[in-house]
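A.B. asks: Sending over a structure as structure tokens; questions will come in a sec.
Values quoted throughout were computed directly from the atomic coordinates according to the rules given, and no laboratory measurement underlies them. Since the structure is predicted, the reported quantities are computational estimates derived from the model, not experimental observations. Reconstructed Cβ throughout: ideal geometry from the backbone, glycine too, with neighbour counts over all protein chains shown.
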Amino acid sequence: MHYGHAIARIPAITCAQGLTTSDLGAPDFARTLAQFDAYIHTLLSLGLTVTTLPDQSGFPDSHFVEDTAVIAPEFALITHPGAPSRRGEVHTIAPAIARHRVVMEFMSERAHMDGGDVLMVDKQFFVGLTSRTNEAGVTELAKLAENYGYTVHAIEVSEGLHLKSIVNYVGKNTLILNEEGINHPAFKDFNHIVLAKEEEYAGNTLWINDNLITPKGYPDTLKKLEALGLPIISLDTSEFKKMDGGLTCLSLRF
Ligand code: CIR
């Protein structure tokens with residue numbers, strides 16, 4: 001698995017009007033833009049080319065582009081996001097992805113899926129069943145992905161917004177996850193870094209070609225990640241956290 005490209009979208013001035021379950025207050029727009037800028041520069045510094053799409057004030061969550069698609073080397077699947085207010089985001093993401101993938105399909109309306117629920121590790125997909133992703137969504141992804149030799153595992157998620165809010169691949173056959181995840185049979189062939197309860201947000205760590213980008217301010221997780229021996233960049237994500245977002249949500253990587 002090697003990433004060469006990312007698609008991101010500039011946060012809209014309306015970003016504080018997006019969906020959130022957090023009680024951390026409203027994000028500051030200037031700080032949101034500065035944190036987004038640091039994120040894009042980090043991807044560039046790791047050698048990725050980045051397409052940065054224009055802001056869309058009608059869609060306050062639209063900079064969380066990860067939720068609008070699943071992109072594998074062989075195909076792209078444009079999702080039908082679980083939240084009604086986010087469904088219109090797919091219309092402008094599809095043309096940006098079509099430049100990179102010949103095989104591009106759209107989910108049906110009965111299927112719900114947010115890309116934040118989809119973790120791809122080599123030829124396996126782990127898909128969270130959450131308030132945003134339903135069984136029909138998993139079935140539609142599986143129907144497409146199995147044509148290309150992928151195995152798709154559905155994972156019940158009982159806390160957090162998305163599967164990748166707390167489970168991510170961090171290189172060296174290792175997953176970072178919470179206590180709930182370690183006993184899941186689908187994850188048994190991986191090594192585990194187990195998150196401390198008070199640091200679960202740091203489970204949203206991003207692996208890019210054997211570099212790690214992790215949210216700033218989670219010292220116990222940082223120490224555990226350092227043991228992997230990979231270069232680590234810590235980024236301030238305070239404003240995205242206020243809107244239930246983090247590092248993986250801010251881009252589609254492929
Ligand atoms: C939402 O609730 O949809 C946004 N406020 C946050 C989406 C975060 N996306 C992600 O983790 N992939």
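A.B. asks: State, to one decimal in nm, how far the label point of A136 lies from the label point of E105, with both points 7 Å from Cα in the Cβ direction.
C.D. replies: Calculated label separation equals 1.5 nm.
A.B. asks: Order these by the 10 Å Cβ neighbour count, fewest first: F187, F126.
C.D. replies: Ranking F187, F126 by Cβ neighbours within 10 Å, fewest first, gives F187, F126.
A.B. asks: Work from the charge dipole of the range 174-254 (Cβ charges, +1 for Lys and Arg, -1 for Asp and Glu, about the Cα centre) and give the residue of I213, P185, T174 farthest towards its positive end.
C.D. replies: So the residue we want is I213.
A.B. asks: Now, a different point. What list do you get for R110, R87 if you sort them by fewest beta carbons within 10 Å?
C.D. replies: Fewest to most other Cβ atoms nearby, the residues stand as R110, R87.
A.B. asks: In the chain, what % of DSSP beta bridges are antiparallel (nearest 5)?
C.D. replies: 40
A.B. asks: Please say if the range 1-69 is rounded, prolate or oblate, where rounded means a/c under 1.5 for a ≥ b ≥ c the square roots of the C-alpha gyration tensor eigenvalues, and otherwise the choice is prolate for a/b larger than b/c and oblate otherwise?
C.D. replies: Cα axes put the range 1-69 in the prolate bin.
A.B. asks: For A83 and K172, FRET efficiency with R0 = 35 Å and r from the beta-carbon atoms, rounded to 0.05?
C.D. replies: Once the sixth-power term is evaluated, E becomes 0.55.
A.B. asks: For the chain, give the magnitude of the charge dipole about the Cα centre (Cβ charges: +1 Lys/Arg, -1 Asp/Glu; no others), in debye to the nearest 20.
C.D. replies: Dipole of the chain, to the nearest 20 debye: 480 debye.
A.B. asks: Let me ask something additional. Using a/c under 1.5 as the rounded threshold, could you call the range 127-204 rounded, prolate or oblate? The axes a ≥ b ≥ c are square roots of the C-alpha gyration tensor eigenvalues, and prolate needs a/b larger than b/c, oblate otherwise.
C.D. replies: oblate
A.B. asks: What list of ³J(HN,Hα) values in whole Hz, one per residue of the range 151-168 in order, does the Karplus curve 6.51 cos²θ - 1.76 cosθ + 1.60 (θ = phi - 60°) give from phi, with Gly and Pro shown as x?
C.D. replies: 9, 10, 10, 8, 10, 5, 10, 9, 9, x, 6, 10, 4, 6, 4, 9, 10, 8
A.B. asks: Now for a separate question. Under the classification rounded if a/c is under 1.5, otherwise prolate if a/b is larger than b/c and oblate if not, where does the range 1-149 fall, given a ≥ b ≥ c as square roots of the Cα gyration tensor eigenvalues?
C.D. replies: Oblate, because a/c is 1.5 or more while a/b does not exceed b/c.
A.B. asks: Here is a follow-up. When you count, for each residue, the other Cβ atoms within 10 Å and take the mean per peptide, how do 9-16, 50-57 rank with the highest first?
C.D. replies: So the peptides 9-16, 50-57, ranked by packing, come out 9-16, 50-57.
A.B. asks: Could I ask something else about it? Once all Cα-Cα distances of the chain are split into 5 Å bins that start at 0, what whole-number percent is in each one?
C.D. replies: Result returned by the calculation: 1, 6, 14, 19, 21, 19, 13, 5, 1.
A.B. asks: Straight-line reach from K143: which lysines have a Cα under 21 Å away, not including same-chain ones fewer than 8 places off?
C.D. replies: Of all the lysines, those that pass the test against K143 - Cα under 21 Å, at least 8 places apart if same chain - are K123.
A.B. asks: Could you pull out which residues in the range 39-56 have an amide N less than 20 Å from a spot 7 Å beyond the Cα of H5, following the Cα-Cβ vector?
C.D. replies: Counting backbone N atoms under 20 Å from the label point, the list is 40-55.
A.B. asks: To the nearest 20 debye, what is the magnitude of the charge dipole of the range 3-101 about its Cα centre, counting +1 on the Cβ of each Lys and Arg and -1 on the Cβ of each Asp and Glu?
C.D. replies: 260
A.B. asks: Check cross-link reach from K223 to the aspartates and glutamates: straight Cα distance under 19 Å, and skip same-chain residues fewer than eight apart.
C.D. replies: Those aspartates and glutamates meeting the cut-off are E179, E198, E199, E200, D210, D236.
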